[in-house]
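Chemist: This structure is in structure tokens; I'll ask about it shortly.
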Amino acid sequence: MSVATPETTTANLVEVKNLKKWFPIRGGILSRVVANVKAVNDVSFAVKKGEVVGLVGESGSGKTTVGRTILRLIEPTDGSIYFDGQEITHLPKNQLRAYRRKMQIIFQDPFASLNPRMTVGDIIAEPLVIHNLEGSAQARNERVAELLELVGLNPDHMRRYPHEFSGGQRQRIGIARALAVRPEFIVADEPVSALDVSIQAQVVNLLQDLKEQLGLTILFIAHDLAVVEYISDRVAVMYLGKIMELAPSRDLYLKPRHPYTEALLSAIPTPDPTVKRERIVLQGDIPSPINPPSGCVFRTRCRYAIAECAYTVPELKEVAPGHFKACIRDDIPGLS
Ligand SMILES: Nc1ncnc2c1ncn2[C@@H]1O[C@H](COP(=O)(O)OP(=O)(O)OP(=O)(O)O)[C@@H](O)[C@H]1O
Ligand SMILES: [Mg+2]
């Protein structure tokens, strides 16, 4: 068992350092590795106890892979993962069990993630059975009723089946299931992306209430910066396997410092009519993570790129208190 390093304080419930996940692509008759999908490529950040960190970025930027690697649902290629000061990167299955209970996931699609043949009660109780908690059937029933109430559903619903519920209600069932084993840390992987816009805020508000009520720590993954703005204490912006910017939520929205964040924010309509944002349209598609651009991975779509960006990999540096960005330019008007 490894000892926490000085910077791995227990104030951080979860921390990753230099995390990499490359998916090998095999080819030829010998099935050799011919290339790697660099889904997560040297990512470091922490989530403090009781904090919500938003993780945003375009499709394919590596958000889900970060979340699933932290939970050890996929094995990291390199780097380290800490939970409550303990390194869990290479913990064997039998020792991982306790952590499996402490870390749960809420999935994007509440239609695909609930077994249609199980009652809601059995779906929510399943993790209790797996982890051998609330031994008797009656104790489990009571816990399920309590969980349904906690997420704003009627305890009588435990006898029904998922198809009898709307998208928002199903996501509440998914949340109740994740909370059943009293986890400390939740990865919410685009929990509202599949829902109607009108329902999204209700589910985000529920997660926020639960966070406060239960003292949860959450990694909240989303495509869209607008979704995570209010629930997140801090937000990390990912692009092509790397964190481009990381800052307290308010600072990031009021004063983005990375060209990629600036572009993402420009797409969000501001409710304040006095705030005028120029709409920045990113040219082209996100490059392939198999062969990402040299230097700064964002440079091929960055309107501020200079020659040096092609050969210098920008470090994620603190440019204001608690505000980090990975960009070598500190002379861009409005962003520095
Ligand atoms: N099992 C896998 N094998 C090969 N490549 C994978 C695998 N899982 C993910 N990838 C690739 O890794 C990259 C990052 O994927 P990931 O799902 O983490 O992105 P994401 O940011 O969650 O995207 P989305 O917003 O679409 O959910 C993508 O290019 C994806 O195709
Ligand atoms: Mg994803």
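The values are calculated or read from the model by the stated rules, or taken from the named source; none is laboratory data. Model, not experiment: these values are computed from the prediction. Don't worry about glycine lacking a Cβ; one is built from the backbone with ideal geometry, like all the others, and counts go over all protein chains shown. The area values use the complete protein model at the heavy-atom level, side chains included, leaving out ligands, DNA and RNA. Shrake-Rupley method; radii C 1.70, N 1.55, O 1.52, S 1.80 Å.
Chemist: When you scan the stretch 203-225, how many residues do you find that are in contact with a helix residue (DSSP H, G or I) (Cβ under 9 Å, 6 or more places away or on another chain) and not in a strand (DSSP E or B)?
Modeler: 11
Chemist: For residues in the stretch 191-226 being open to solvent by 10 Å² or more (accessible area, probe 1.4 Å) and within 16 Å of ligand 2 (Cβ to nearest atom), which is nearest to Phe83 (Cα to Cα)?
Modeler: His223
Chemist: Look at the stretch 88-100 and say how many of its residues are modelled with pLDDT under 95 and either within 12 Å of ligand 1 (Cβ to nearest atom) or crowded, with 17+ Cβ neighbours inside 10 Å (or both).
Modeler: Residues that pass the stated criteria total 3.
Chemist: Condition (residue is within 16 Å of ligand 2 (Cβ to nearest atom) and either under 18 Å from Lys49 (Cβ atoms) or open to solvent by 30 Å² or more (accessible area, probe 1.4 Å) (or both)) applied to the stretch 158-178: is it met by at least one residue?
Modeler: Checked against the condition, which is being within 16 Å of ligand 2 (Cβ to nearest atom) and either under 18 Å from Lys49 (Cβ atoms) or open to solvent by 30 Å² or more (accessible area, probe 1.4 Å) (or both), the stretch 158-178 yields no hits at all.
Chemist: Here's another thing I want to ask about it. Could you please let me know if Arg257 is open to solvent by 40 Å² or more (accessible area, probe 1.4 Å) and more than 16 Å from ligand 2 (Cβ to nearest atom)?
Modeler: For Arg257, the condition - open to solvent by 40 Å² or more (accessible area, probe 1.4 Å) and more than 16 Å from ligand 2 (Cβ to nearest atom) - is not met.
Chemist: Moving on to the next point. What residue, among those in the stretch 124-151 that are in contact (Cβ under 8 Å) with a residue 40 or more places away in the chain and either touching a helix residue (DSSP H, G or I) at 6+ places or on another chain (Cβ under 6 Å) or charged (D, E, K, R) (or both), is nearest to Leu210 (Cα to Cα)?
Modeler: Val151
Chemist: Tell me the residue from Asn36, Asn41, Asn18 that is more than 12 Å from ligand 1 (Cβ to nearest atom) and in contact (Cβ under 8 Å) with a residue 40 or more places away in the chain, please.
Modeler: Only one candidate qualifies: Asn18.
Chemist: Also, I was wondering about something else. Looking for something modelled with pLDDT of 90 or more, of a type outside the set (S, T, N, Q) and surrounded by fewer than 18 Cβ atoms within 10 Å (Cβ to Cβ) - is there at least one such residue anywhere in the stretch 104-116?
Modeler: yes
Chemist: Select from the stretch 45-59 the residues that are within 12 Å of ligand 1 (Cβ to nearest atom) and surrounded by 13 or more Cβ atoms within 10 Å (Cβ to Cβ) and write down the one among them that is farthest from Tyr239 (Cα to Cα).
Modeler: Looking at residues that are within 12 Å of ligand 1 (Cβ to nearest atom) and surrounded by 13 or more Cβ atoms within 10 Å (Cβ to Cβ), I get Leu55.
Chemist: With the checklist (1) in contact with a helix residue (DSSP H, G or I) (Cβ under 9 Å, 6 or more places away or on another chain); (2) touching a residue at least 24 places away in the same chain (Cβ under 8 Å) in hand, flag the one item Ile88 doesn't pass.
Modeler: With respect to (1) in contact with a helix residue (DSSP H, G or I) (Cβ under 9 Å, 6 or more places away or on another chain); (2) touching a residue at least 24 places away in the same chain (Cβ under 8 Å), Ile88 is out only on (2).
Chemist: Quick check on Gln200: is it more than 19 Å from the chain's Cα centre (by Cα) and under 30 Å from Glu146 (Cβ atoms)?
Modeler: no
Chemist: Within the stretch 276-313, restricting attention to residues that are charged (D, E, K, R) and farther than 17 Å from Cys327 by Cβ, which residue is least open to solvent (accessible area, probe 1.4 Å)?
Modeler: Arg277
Chemist: Also: I'd like to know if the stretch 21-44 contains one or more residues that are more than 16 Å from ligand 2 (Cβ to nearest atom) and open to solvent by less than 10 Å² (accessible area, probe 1.4 Å).
Modeler: Checked the stretch 21-44: no residue is more than 16 Å from ligand 2 (Cβ to nearest atom) and open to solvent by less than 10 Å² (accessible area, probe 1.4 Å).
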